[in-house]
Amino acid sequence: DSGVTQTPKHLITATGQRVTLRCSPRSGDLSVYWYQQSLDQGLQFLIQYYNGEERAKGNILERFSAQQFPDLHSELNLSSLELGDSALYFCASSVTSGSETQYFGPGTRLLVL
Amino acid sequence: AQTVTQSQPEMSVQEAETVTLSCTYDTSENNYYLFWYKQPPSRQMILVIRQEAYKQQNATENRFSVNFQKAAKSFSLKISDSQLGDTAMYFCAFMKHRSGQNFVFGPGTRLSVLP
C-alpha cells in the first residue's frame, strides 16, 4: 500500500458525460501528479499540482481539468467524454515538486460507452 | 526530449531463476534519476528500485538490482530467485533532476514467472 488513495476504483459512463476522479496523497506529500494509462499509449503525464497550485501540464486535453484543495487532495475532472478517454487514471504523490520518488495510487479505471 | 526504450515486450523465466530486463534511454541531461516500476495484474504501480545518476554504485533492493551504465545510457534490472509474484509488467522510467513533471516511462516489458 503506497498510502495514496483514489476513488472510485471503477467508473462506467456514457459519451458526452462528465466525471470527477479523486485522489488523496500520502501524508506529508505536497505534490500530486495525474497520469493516463491507455492500452495503446502507455503511461502519459497529464498535470501536476504542488501545494494547491498548478505546477506543470503535460498531454492534458482541454476537456480535462484538475485542482488541488487546501487539504491537498486533488480532483481530475473529465468532461465531454469520448470513447477514447477510456483508460486507467493514476494519481501519484511526492514530498515536493522536485526529484523525489513518486508513489502511485491504485488507479481509477474509466470506461466510456 | 528524453525517451526511454524497453526492447523486450515480453519475457518469461522459470521460478527461482534469474532474469534481466533491458532499458535504454536518451538524454542530454547530466543529473537525473532512473526508476523501475512494477505493475502486477492488479494494475497498481509499485516502485521497485531507484538510481541516482550521480551515484556510480548500482542500486539494490533485496532480490532486485540494477546495472547502470551511464555512458551507454543503459539501466537494466536483474531479478534473482524469481518468484511467481514477480509476474507483472515492468516499466523503466526517467526523471530529470528537479523536474518531477518530466517523468518519462518506457513502453514496458511483460514478465511471466513460470512454475
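Laboratory data are not the source of any read-out in this text; all were calculated from the coordinates shown. These numbers were taken from a predicted model, which means no experiment stands behind them. In this analysis, Cβ positions are derived from the backbone assuming ideal geometry, glycine residues included, and neighbour counts consider all displayed protein chains.
Can you give the direction-averaged projected area of the convex hull of the alpha-carbon atoms in the protein assembly as shown, in nm²?
12.3
Dipole size in debye (nearest 20) for the protein assembly as shown around its Cα centre, Lys and Arg Cβ +1, Asp and Glu Cβ -1?
Working: 19 positive and 20 negative charges, 30 e Å.
Its charge dipole is roughly 140 debye.
When chain A is modelled as a GNM with alpha-carbon springs shorter than 10 Å, which of A:Ala92, A:Ala56, A:Ala66 fluctuates the most?
Highest fluctuation among the options: A:Ala56.
Given an 8 Å cut-off on Cα distances and at least 6 residues of separation, report the relative contact order of chain B as a percent.
Working: 285 pairs, mean separation 42.8, N = 115.
That works out to 37 percent.
Send over the Kirkwood Rh of the stretch A:70-110, from the inverse of the averaged 1/r over different Cα pairs, rounded to one decimal Å.
12.3
Looking at chain A from every direction and averaging, what is the projected area of its Cα convex hull in nm²?
Numbers: hull surface 25.6 nm².
Value for chain A: 6.4 nm².
Over 18 Å, how big is the tail of the calculated P(r) for the stretch B:33-115, in percent of all Cα pairs?
Distances greater than 18 Å cover 42 percent of the Cα pairs.
Within 10 Å of each candidate Cβ there may be at most 16 other Cβ atoms; applying that plus a DSSP loop requirement, which chymotrypsin sites (Phe, Trp or Tyr not before Pro) in the stretch B:48-115 survive?
Qualifying residues, ordered by number: B:Tyr54.
So what's the gap between the Cα centers of the stretch A:8-79 and the stretch B:62-82, to the nearest angstrom?
31
With no solvent and one equal point scatterer placed on each C-alpha of the stretch B:1-55, evaluate the Debye formula and give log10 I(q)/I(0) for q = 0.15, 0.23, 0.28 Å⁻¹, two decimals.
-0.59, -1.17, -1.30
Have a look at A:Phe69, A:Phe45, A:Phe90 and tell me which one the Gaussian network model of chain A (Cα, springs below 10 Å) gives the largest fluctuation.
A:Phe69
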